[in-house]
Amino acid sequence: MGITWIPGAERLGDGDIGGGMDTPEEPPRIVWHTTEGGAGDAEFDSTADYLIEIGAEPHVLYDPTTDRIGQFGPLDESARALRNDGDDRTNRTGRVCIQVEVLARASEPFTDYWRPGPNFAALLDAARSWGVPDAWPAGDLAADGAGYTSRDSDTWHSEGGHYGHANVPGNDHWDPGAVDRSAILAAGPGDAPAAADDEPGASSGAAEVSLANVVAAAGSDPDAPQGATSHRDDVLVVERALQAEGLLSAEWVDGSFGTSTQDAYAEWQSRCGYEGDDADGVPGRTSLEKLGAEHGFRVAG
Ligand SMILES: [Zn+2]
């Protein structure tokens, strides 16, 4: 059993977008799309509403400029982003058929300018949890609407991995464009995020956590008003990892290192073999690096 709801993803709509897979004995896959519009929060919100309104929900909506992620339905059920291939219901092919709409245009490959962060890593982690291999079995993606891509039905049914909408039989869209296929695979957990523009200190949500900031937050947030944040970005990354470990419920993944987060972190320290004062819920370097190694972030000073 894999991850059905991506830790830290916003829930979009009522969570009910499809049903069971037709061919769960076939290998798992993830399919990439672009929305053919802009990015940013307003676009994210209006696109989510639009996809719900027209009944064309993917599983996931992703903003490559902010690392914002939302999810419409569970990954182990079908979504609604593909056309059928005759009687062949492509949305329901495989163990999973995870559809991702990226807020971008196929004519401007999003991997040229994106800033993948912890949410993108969490998406790839979820795909891998279903056994989706790090491969693009249909090969090249199209650089324009006239470009040739393989939409071979045998490949689609027999091979798991990453597909573009441009690779799905019975469909005629050419999204997501000529994105860098290896950069997408390399932005998964445990790997350095393949940010196109690596300015230090930019608020990109790059998967790096400051130990000093997290320790400071653990010192000040519990006594501050409920939900107060002092180092929100760092704390959120840690909280998402604790949530993925099953130690912290979603309501406390809020960027505030309050008592619930401290309790969860103390549990993590216990799992790491610490006892007593060493498992007090205030992060130390070793336990934080261990959490980062499992959940795709690095620890800085
Ligand atoms: Zn598409």
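The values are calculated or read from the model by the stated rules, or taken from the named source; none is laboratory data. Just so it is clear, the model here is predicted, and its values are computed rather than measured. So basically every Cβ, Gly included, is an ideal-geometry build from the backbone, and we count neighbours across all protein chains shown. Remember, those area values only see protein heavy atoms, side chains included, never the ligands or the DNA or RNA. Shrake-Rupley method; radii C 1.70, N 1.55, O 1.52, S 1.80 Å.
Quick check: anything in segment 132-152 within 30 Å of Glu239 (Cβ to Cβ), in the same structural domain as Thr34 (by TED's automatic domain parsing) and open to solvent by 20 Å² or more (accessible area, probe 1.4 Å)? Among the residues of segment 132-152, at least one is within 30 Å of Glu239 (Cβ to Cβ), in the same structural domain as Thr34 (by TED's automatic domain parsing) and open to solvent by 20 Å² or more (accessible area, probe 1.4 Å), which makes the answer yes.
Suppose the filter is open to solvent by 40 Å² or more (accessible area, probe 1.4 Å), of a type outside the set (Asp, Glu), farther than 16 Å from Tyr163 by Cα and in contact (Cβ under 8 Å) with a residue 12 or more places away in the chain; does Thr47 pass it? So Thr47 does not fit the description; no.
Taking (1) over 14 Å from the mean Cα position of the chain (by Cα); (2) closer than 30 Å to Glu239 by Cα; (3) within 13 Å of the ligand (Cβ to nearest atom) in turn, Tyr113 satisfies each apart from (3). Only one entry in Ala9, Ala42 is surrounded by fewer than 20 Cβ atoms within 10 Å (Cβ to Cβ) and among the aliphatic types (A, V, I, L, M), namely Ala42.
Quick one: in segment 95-105, which of the residues that are under 16 Å from Val132 (Cβ atoms) and open to solvent by less than 10 Å² (accessible area, probe 1.4 Å) is farthest from the ligand (Cβ to nearest atom)? Going through the qualifying residues, I end up with Val96.
May I ask you to verify whether Glu108 is without any contact (Cβ under 8 Å) to a residue 12 or more places away in the chain and either surrounded by fewer than 17 Cβ atoms within 10 Å (Cβ to Cβ) or on the phi > 0 side of the Ramachandran plot (or both)?
The answer is no for Glu108.
Only one of the numbered conditions (1) in a helix (DSSP H, G or I); (2) open to solvent by 60 Å² or more (accessible area, probe 1.4 Å) is violated by Trp268, and that is (2). How about segment 199-219: which of its residues are modelled with pLDDT of 85 or more and either open to solvent by less than 50 Å² (accessible area, probe 1.4 Å) or not in a helix (DSSP H, G or I) (or both)? Across segment 199-219, the qualifying residues are Glu208, Val209, Ser210, Leu211, Asn213, Val214, Ala216, Ala217, Ala218.
One line per residue, one yes/no per condition, for (1) away from the ligand (no atom under 16 Å from the Cβ); (2) at pLDDT below 95:
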{"residue": "Gly160", "(1), (2)": "yes, no"}
{"residue": "Gly164", "(1), (2)": "no, no"}
{"residue": "Val168", "(1), (2)": "no, no"}
{"residue": "Ala178", "(1), (2)": "no, no"}
{"residue": "Ala187", "(1), (2)": "yes, yes"}
{"residue": "Pro193", "(1), (2)": "yes, yes"}
{"residue": "Ala196", "(1), (2)": "yes, yes"}
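Count of segment 251-262 residues, restricted to those that are surrounded by 15 or more Cβ atoms within 10 Å (Cβ to Cβ) and part of a helix (DSSP H, G or I), is 4. In this entry, Ala224 is excluded by the filter for residues that are within 17 Å of the chain's Cα centre (by Cα) and either at pLDDT below 90 or under 19 Å from Ala9 (Cα atoms) (or both). The residues listed here are Ser287, Ser230; of these, the one that is part of a helix (DSSP H, G or I), buried (at least 17 other Cβ atoms within 10 Å of the Cβ) and either on the phi > 0 side of the Ramachandran plot or of a type in the set (Ser, Thr, Tyr) (or both) is Ser287.
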